[in-house]
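As structure tokens, the structure follows; a few thoughts come after it.
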Amino acid sequence: MSLRSTHADVNLTALQANYRAITSFLTSERSAAGTAPGVIAVVKANAYGHGAERVGLALQEAGAAVLACADIEEAVALRKAGVTIQVLVFGALSVSDLGGVFEYDLTPTISTPAAGRAMAAEAVSRLRPVLYHLKIDTGMNRLGFRHDNLRRTLPGLLSSPRLELDAVYTHFATADDLDHPLFDEQRRRFDQVLAELESMGVRPRIVHAANSAALLRDSRVWYDMVRPGLLLYGVVPAPLATTVTLEPVMTIRSRIVAAKGIRRGESVGYGARFVADEPRTIAVVPAGYADGLDLRLAGRAAALVGGRRVPIVGSVCMDMMTLDVTGLAVNPGDEVVIIGGQGAASITVREVASAIGTIPYELLCRIGSRIERVYE
Ligand SMILES: *Cc1c(COP(=O)(O)O)cnc(C)c1O
């Protein structure tokens, strides 16, 4: 079958290089003081839109010891694709999911007392032990056992038959906001939790807390493992910067299907939002919001044609968008890059997200299922 003009190239070699760049950064920073933290590679939400199955296998091949995803369904898809390394499930488990933990050898997160009871009941009826990660809520106020109430809420879980605590973790709400006091507050609360667990005689094998932003900003929260997602895909969460060399993994490409001249005063597209102030050349690209490309790109973002940036004008339609290519010699069939590099020019996920008022995560996750992922 032929490939649609609009597709996403996913560079698995770049992904693996990013994984290795992160592990060598962790090792080099820690070479003086003991062992470097391990990496839990986050592949939830279809690996941030890159395709969880191929990404999971590529990370396994690169040496990752643990993958993490959002729910049992995502974890099962990884197993079915041939992932054999540990798979941690971050999200809350619903009772109907619990069987999957045993059938597919998954590592659940226990984040409420009720979930602990349900998991224990299932483990007892199956005569099987379950190693779990305990989630502590240090201030996100989403999932997790409250940090300040553990002496009351934990004993029941800790004495559950067949449940074995393997790891303890928390998640930061403001790791990408360098001025917000909550990050340090959460860090201090988590350290108190670890001391309290110690005093209760609880010694988890592993402690983890850091997503991409936390990993970059503060090595005190590396503990035994870190949990990068976005960085693996070659995107640094704003406003952070890093010396780690990361390559963007996804390139969204298309082709010009038509080009035409319009006269001064004429408009382009629905709503006639773009009006030519002088004669213009418009190129039509077969990619639109049905591909998950945001309406707000028009008038705010650019694409690359012939190694040059050209503005996206008019309106992003369901299946098409229009570029102002005035002054360029373009022909149907010419390559268009919507995200990624072309020649010396490039358009980054971070830049596009900021132009349309969202975050790189949302931009990547929204790239539609109609856009075929082509692995290289
Ligand atoms: C998504 C997620 C991560 C990874 O976050 P990034 O910002 O992409 O690095 C880490 N931990 C948890 C619990 C998550 O849900």
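Key figures
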read-out: Residue match in region 110-118 (condition: under 23 Å from the mean Cα position of the chain (by Cα), of a type in the set (Val, Ile, Thr) and within 17 Å of Phe172 (Cβ to Cβ)); value: no
read-out: Filter result (in contact with a helix residue (DSSP H, G or I) (Cβ under 8 Å, 6 or more places away or on another chain), farther than 26 Å from Val226 by Cα and part of a helix (DSSP H, G or I)) within region 154-164; value: Gly156
read-out: Answer from Pro360, Pro279 - the residue that is touching a Lys or Arg at 6+ places or on another chain (Cβ under 7 Å), over 18 Å from Ile256 (Cα atoms), in contact (Cβ under 8 Å) with a residue 40 or more places away in the chain and within 16 Å of the ligand (Cβ to nearest atom); value: Pro360
read-out: Condition broken by Cys69, with the remaining ones in (1) within 15 Å of the ligand (Cβ to nearest atom); (2) within 19 Å of Tyr375 (Cα to Cα); (3) surrounded by 22 or more Cβ atoms within 10 Å (Cβ to Cβ) satisfied; value: (2)
read-out: Conditions (1) without any contact (Cβ under 8 Å) to a residue 60 or more places away in the chain; (2) farther than 18 Å from Gly368 by Cα: number failed by Gly288; value: (2)
read-out: Which listed residue is at pLDDT 95 or above, within 19 Å of the chain's Cα centre (by Cα) and at positive phi, from Gly229, Gly234; value: Gly234
read-out: In region 167-190, residue surrounded by the fewest Cβ atoms within 10 Å (Cβ to Cβ) [restricted to those that are under 22 Å from the mean Cα position of the chain (by Cα) and over 24 Å from Leu157 (Cβ atoms)]; value: Leu178
read-out: Extreme residue, nearest to Gly229 (Cα to Cα), among residues of region 99-129 that are hydrophobic (A, V, I, L, M, F, W, C) and surrounded by 21 or more Cβ atoms within 10 Å (Cβ to Cβ); value: Leu106
read-out: Number of positions in region 196-221 that are within 13 Å of the ligand (Cβ to nearest atom) and either in a strand (DSSP E or B) or in contact with a Pro (Cβ under 9 Å, 6 or more places away or on another chain) (or both); value: 8
read-out: Candidates Pro228, Pro239, Pro248 - the one that is more than 22 Å from Asn11 (Cα to Cα) and either within 16 Å of the ligand (Cβ to nearest atom) or not hydrophobic (A, V, I, L, M, F, W, C) (or both); value: Pro239
read-out: Odd one out for Thr6 among (1) under 19 Å from Lys135 (Cα atoms); (2) more than 16 Å from the ligand (Cβ to nearest atom); (3) in contact with a Pro (Cβ under 7 Å, 6 or more places away or on another chain); value: (1)
read-out: Odd one out for Val193 among (1) surrounded by 21 or more Cβ atoms within 10 Å (Cβ to Cβ); (2) under 26 Å from the mean Cα position of the chain (by Cα); (3) outside any loop (DSSP other than H, G, I, E, B); value: (2)
read-out: Selection status of Ala175, within 15 Å of the ligand (Cβ to nearest atom), on the phi < 0 side of the Ramachandran plot and either touching a strand residue (DSSP E or B) at 6+ places or on another chain (Cβ under 8 Å) or outside the structural domain of Thr138 (by TED's automatic domain parsing) (or both); value: yes
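So that you can scan it fast, the table gives a plain yes or no per residue for (1) assigned to a loop (DSSP other than H, G, I, E, B); (2) crowded, with 17+ Cβ neighbours inside 10 Å; (3) at pLDDT 95 or above:
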| site | (1), (2), (3) |
| --- | --- |
| Thr243 | yes, no, no |
| Thr251 | no, yes, yes |
| Ser254 | no, yes, yes |
| Lys260 | no, no, yes |
| Arg264 | yes, no, yes |
| Gly271 | no, no, yes |
| Glu278 | yes, no, yes |
| Leu293 | yes, yes, yes |
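The values are calculated or read from the model by the stated rules, or taken from the named source; none is laboratory data. This one's a predicted model, so the numbers in the text were calculated from it and none came from an experiment. Backbone-built Cβ (ideal geometry, glycine too); neighbour counts: all protein chains shown.
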